[in-house]
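Encoded as structure tokens, the structure appears first; notes follow it.
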Amino acid sequence: MDMVLLSRIQFAVTIGFHYFYPPLSIGLGLVLVLMEGLYLRTRNPLYHQLTRFWVRIFGLIFAFGVGTGIVMEFEFGTNWSRYARFVGDIFGSPLAAEGIFAFFLESGFLAVLLFGWERVSPRLHFFSTVMVCLGAHFSAIWIIVANSWMQTPTAYRIVETAVGPRAEITSFWGAVLNPSTGDRLVHTLLGAWQAGAFFVISVAAYYLLKRRHEAFARASIRVALAVAAVASLGQLVSGHSNAVMVAEHQPAKLAAFEGIYETGASADLTIVGWVDEENRTVRGIKIPGLLSWLVGGGTDTVIRGLDEWPASDRPPVQLTFQSYHWMVAIGMVLIALAWGGALLAWRGQLFRWRWLLWIYVLAVLLPQAANQLGWAAAEVGRQPWIVYELMRTADATSDTVTAGQVLFSLILFTVIYLALFVVFIVLLDQKVRKGPLPEDLPPVAEVR
């Protein structure tokens, strides 16, 4: 058993389960701000009902997100101690900022959001909703900063210590504003907005199919479709910007994204394909010269191929290629669903076809799949480096932890996370089946 591989699998399992919840809380937080804002603007009791129902769902998601995220921080000290020593001076800053400026903000106002309906004024409650939404977004900011520094490290110096080399920060803002932070943050947040929006759309479509809470469901879908339409189209622009950034700062990753082995101009863009790693080719549907044109604005743009790097410095091509292309394919489907649904809703035709509503019920899985695939492409495509071109993943694990110990904890974590996910689904199902409650409507005096 390979201790490094087992540790990577363990971290992938824990972050994979955890990352189901943060995108939902970020996206749903934005939807809540819009719903409660519409209530304050229009005084329509329906928007108050929407907000109160989805706040209960948000609270459930937040609780499971916190519970599933704690384990990862301990894994840095157990499985990845050499990595923790190497980057502790740099990695610790954004993690501390995440706790101080994001988690405390979100959790502090969460109590008012959940229990302050009859205890504070409507405007103060709306302010709490905005603060919770901002807290969720700030949390993403600092986590992306930390991960982006690993992808494109800047503002550091290497210092020799008694236990080996150590990276020390030379400029806090230089590390925060590293070359990949902006692109990766926007891409991640838009993916979270899609996850939250399609989650709302899925539940509302289910109500329409069951002919329950129909006014509530229609209003929920309209608000969520507005978020989904903006986020899905924005994701297309963000994805292009990310690819250009990767071409400049992580060219081996871009070569793996598209299965490019030979350096040259007029590089093809593969729509769908399969990498033949033995023969160093890609079989599939390609558009000649489009990759070069997208990256540099002309077909004469040179794209570096994997042959420029030794085999030991190349990422796993097939997994990176497929993760990236499936993410892009799902993104295009989400654009069609978001803009097609928005157009049909504007024409008053969206709620007529049951087969289409079933598609929207199942579409809740697509943003989650795209988010997971995107992370897989980004992290696998960075290999063999845990800190790009500074520290190899194989050199980052702990000296005293054995493969057997990692395997045992991997099995244990997987069982626990599966149990937690089942509990989450059961509790979510109970809340969805109950639907909006009579007390979700505001007092008559407040409406006036």
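The values are calculated or read from the model by the stated rules, or taken from the named source; none is laboratory data. Since the model is a prediction, treat every value here as computed from it, not as a measurement. Note: ideal-geometry Cβ built from the backbone for every residue, glycine included; neighbour counts use all protein chains shown.
Here is how the numbers come out for the structure above:
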{"read-out": "Among the candidates Thr270, Thr263, residue that is within 30 Å of Val317 (Cα to Cα) and surrounded by 21 or more Cβ atoms within 10 Å (Cβ to Cβ)", "value": "Thr270"}
{"read-out": "Qualifying residue in region 7-16 (condition: more than 17 Å from the chain's Cα centre (by Cα) and at pLDDT 90 or above)", "value": "no"}
{"read-out": "Complete set of residues in region 324-338 that are crowded, with 16+ Cβ neighbours inside 10 Å and under 15 Å from Ile359 (Cα atoms)", "value": "Ile330, Leu334, Ile335, Leu337, Ala338"}
{"read-out": "Candidates Val230, Val282, Val203 - the one that is buried (at least 19 other Cβ atoms within 10 Å of the Cβ), touching a residue at least 12 places away in the same chain (Cβ under 8 Å) and farther than 30 Å from Val302 by Cα", "value": "Val203"}
{"read-out": "Subset of region 386-405 [crowded, with 21+ Cβ neighbours inside 10 Å and either closer than 16 Å to His249 by Cβ or within 23 Å of the chain's Cα centre (by Cα) (or both)]", "value": "Ile386, Val387"}
{"read-out": "Selection count, region 349-379, where residues are farther than 30 Å from Ala146 by Cβ and in contact with a Ser or Thr (Cβ under 8 Å, 6 or more places away or on another chain)", "value": "4"}
{"read-out": "Count of region 45-91 residues which are more than 21 Å from the chain's Cα centre (by Cα) and not hydrophobic (A, V, I, L, M, F, W, C)", "value": "16"}
{"read-out": "Members of region 55-68 found to be farther than 18 Å from Phe11 by Cα and either of a type in the set (Val, Ile, Thr) or touching a helix residue (DSSP H, G or I) at 6+ places or on another chain (Cβ under 7 Å) (or both), listed by number", "value": "Val55, Arg56, Ile57, Phe58, Gly59, Leu60, Ile61, Phe62"}
{"read-out": "Residue under evaluation Gly37, criteria (1) under 25 Å from Ala419 (Cα atoms); (2) surrounded by fewer than 21 Cβ atoms within 10 Å (Cβ to Cβ); (3) at pLDDT 90 or above, criterion not met", "value": "(1)"}
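Condition check ((1) within 30 Å of Ala205 (Cα to Cα); (2) among the β-branched types (Val, Ile, Thr); (3) modelled with pLDDT under 90) across all residues:
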site: Leu254; (1), (2), (3): no, no, no
site: Ser266; (1), (2), (3): no, no, yes
site: Glu277; (1), (2), (3): no, no, yes
site: Pro316; (1), (2), (3): no, no, no
site: Leu319; (1), (2), (3): no, no, no
site: Met332; (1), (2), (3): yes, no, no
site: Ala338; (1), (2), (3): yes, no, no
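One line per residue, one yes/no per condition, for (1) β-branched (Val, Ile, Thr); (2) in a helix (DSSP H, G or I); (3) touching a Cys at 6+ places or on another chain (Cβ under 7 Å):
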{"position": "Trp355", "(1), (2), (3)": "no, yes, no"}
{"position": "Ala369", "(1), (2), (3)": "no, yes, no"}
{"position": "Thr400", "(1), (2), (3)": "yes, no, no"}
{"position": "Ser409", "(1), (2), (3)": "no, yes, no"}
{"position": "Thr414", "(1), (2), (3)": "yes, yes, no"}
{"position": "Leu418", "(1), (2), (3)": "no, yes, no"}
